[in-house]
Amino acid sequence: MIVFVQREPRPDAPYWSGRRWLAALDAVAWPLAGAMLVLQIPGAGRGAGMVIFVAALFALFRLCGALFANHRYWFTTWWVARAAALLFLVGLVMKLAFWVAAGH
């Protein structure tokens, strides 16, 4: 027996003033940051050019989505910030556990 489950579509993002320009900044900043990281790799060669080209395409597509379909654009920065906060919290709990286990 095969059961297919269809997920509900995500609701539209709430609109507030300045959201379109902040979304445009978010859409371009992350691919640009990835391209800058690739440029820091010594001896990347031709692969770096291809990665930068793909990052530029991603930035262009994300920018179009942020400007023209703003109600469907979800910020990448929130996702990255949540992941970083989770890693920070796990590290803090581990540090506290080792500190308590050491008898301080």
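Where a number appears in this text, it was derived from the coordinates with a stated rule and is not lab data. Bear in mind the structure is a predicted one, so any value in this text is a computation, not a measurement. Here Cβ is always computed from backbone atoms with ideal geometry, including for glycine, and neighbour counts include all displayed protein chains.
Placing a pseudo-label 7 Å from each Cα along the Cα-to-Cβ vector at residue 40 and residue 95 gives an inter-label distance of 2.1 nm. Result for the chain in a Gaussian network model with C-alpha springs under 10 Å: among 72, 20, 46, the largest mean-square fluctuation is at 46. In a DSSP loop and with at most 16 other Cβ atoms within 10 Å, the chymotrypsin sites (Phe, Trp or Tyr not before Pro) in the chain are 4, 15, 16, 74. With +1 assigned to the C-beta of every Lys and Arg and -1 to the C-beta of every Asp and Glu, and no other charges, what is the dipole magnitude of the chain about the Cα centre in debye, to the nearest 20? That gives the chain a dipole magnitude of about 40 debye.
Its alpha carbons give the chain an Rg and a Dmax of 20.0, 58 Å. Compute a Gaussian network model of the chain, connecting alpha carbons closer than 10 Å, and tell me which residue from 57, 89, 25 fluctuates the most. Highest fluctuation among the options: 89.
Once the C-beta distance of residue 21 and residue 88 is scaled by a Förster radius of 41 Å, the resulting FRET efficiency is 0.90 to the nearest 0.05. Comparing 91, 49, 34 in a Gaussian network model of the chain, where Cα atoms under 10 Å apart are tied by springs, the biggest mean-square fluctuation is seen for 91.
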